[in-house]
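The values are calculated or read from the model by the stated rules, or taken from the named source; none is laboratory data. Small disclaimer: the values here were computed from a predicted structure and weren't measured. Here the Cβ positions follow ideal geometry from the backbone for every residue, glycine too, while neighbour counts run over all protein chains shown.
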Amino acid sequence: MTVVRYEPWALVSRLQKDIDRLFGAPQTTATDSGAWLPPADIHEEANQFVLHVDLPGVDPKAVEITSEQGVLSIRGQRDETRREAREGYRRVERVSGEFLRRFSLPESADAQNIKAKSVHGVLEVVIPKLAQVQPLKITVEAA
């Protein structure tokens with residue numbers, strides 16, 4: 001089964017961009033619309049959840065991670081780099097600007113002990129699990 005991202009306004013957005021280009025309006029990028037969403041991988045281990053977010057070119061000091069009311073938020077910014085412009089054309093493929101990702105934490109997450117580190121442009125967030133209370137087994141004695 002193929003998973004397809006449903007974007008109901010994609011056609012309208014493309015039409016708007018074509019009309020803007022026709023009438024000479026300045027081109028907008030994903031940065032202008034705040035559409036940069038760094039990709040993330042999440043996996044669960046026996047005693048923790050691990051989140052990897054690709055943030056190449058982002059200074060780790062420019063990343064803010066907060067946990068509030070069961071939601072983990074990762075906010076940051078990648079500064080704009082020098083862009084190449086020659087003979088009337090411009091090529092821009094890497095998106096810069098602000099980003100915000102939010103993830104719902106499961107009830108078993110220990111939000112007080114979340115740790116994060118950045119290595120080679122990959123942010124790793126480790127969310128430990130709370131110790132599960134095991135049900136107490138009570139034996140019935142014969143009277």
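Values as computed for the structure displayed
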{"quantity": "Unique residue being exposed (fewer than 11 other Cβ atoms within 10 Å of the Cβ), in contact with a strand residue (DSSP E or B) (Cβ under 6 Å, 6 or more places away or on another chain), under 27 Å from A109 (Cα atoms) and modelled with pLDDT of 70 or more when the list is P60, P39", "calculated": "P39"}
{"quantity": "Lone unmet requirement of (1) over 19 Å from I114 (Cα atoms); (2) part of a strand (DSSP E or B); (3) modelled with pLDDT of 90 or more for V53", "calculated": "(1)"}
{"quantity": "Checklist (1) touching a Lys or Arg at 6+ places or on another chain (Cβ under 9 Å); (2) at pLDDT below 90 applied to L22, failing item", "calculated": "(1)"}
